[in-house]
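Engineer: Pasting a structure here, questions to come.
The numbers here are math on the coordinates, done by the rules we state, and not lab data. All values reported here derive from a predicted model rather than from experimental measurement. Virtual Cβ from ideal backbone geometry, glycine too; neighbours counted across all protein chains shown.
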Amino acid sequence: MAETDVHIQAMIDARETLADFFRADADIYVGTNMLLYYEEGDPGASVALDVFVVKGIPKGQRRTYKLWVEGRPPTVVLEISSRSTRLEDMGNKRALYALLGVREYYLYDPLAEYLDPPLQGFVLGRREYEPMEPEGDGSLVSQALGLRLQVEEERLRLMDAATGERLLRPAEVFEQARTVEQRLAERDAEVAQLRAELARLRSEAPPGEARRQSS
């Protein structure tokens, strides 16, 4: 479970942004706050995933992620690191994800309390993870996802690596939709006002002039 509201929001934002980015691909699954079981018959062989993406499996509702059922490990895992999870995130989870074959592993400390820098990425080498080299602006490029990850105004921002387009978080999508609705409402009000003014002018015009206006 996430430790604070900040961690919860970071998890939700990442999950919903990723799900929207991959919405048109039927064979990419995005999950969050889920248990992954990696050894059949051993319920203790499990790990809690914050946010993860799996390429090559269909979308759909899942209560848990069973590796032997799905047939492939997560492609990318993002852990929202906190006071209670930081040691496990850097130790046991990192070693386990490498063993399972997770291609890319990211750690994000939304409060910037434990990680320096607060966003770190690792790519799987032959046997273990190798640290990603940040870009000049501190961002990390995910080859597996085609995305750029960056801390922007103390929040994680995802961007299309090919176009540079900033992916909107859920709240930003809502705000954008509300702005469009407001503009449409204002336009409709202006049109209604113009129609009312035209009707008034026609009603006040002499009979012959009104007929010429209507024609």
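Engineer: Could you list all residues from the stretch 36-72 that are among the β-branched types (Val, Ile, Thr) and either touching a residue at least 12 places away in the same chain (Cβ under 8 Å) or surrounded by 12 or more Cβ atoms within 10 Å (Cβ to Cβ) (or both)?
Structural biologist: Val47, Val51, Val53, Val54, Ile57, Thr64
Engineer: Considering only residues that are touching a strand residue (DSSP E or B) at 6+ places or on another chain (Cβ under 7 Å) and in a loop (DSSP other than H, G, I, E, B), which ones fall in the stretch 125-141?
Structural biologist: Those that are touching a strand residue (DSSP E or B) at 6+ places or on another chain (Cβ under 7 Å) and in a loop (DSSP other than H, G, I, E, B): Met132, Pro134, Glu135, Asp137, Gly138, Ser139.
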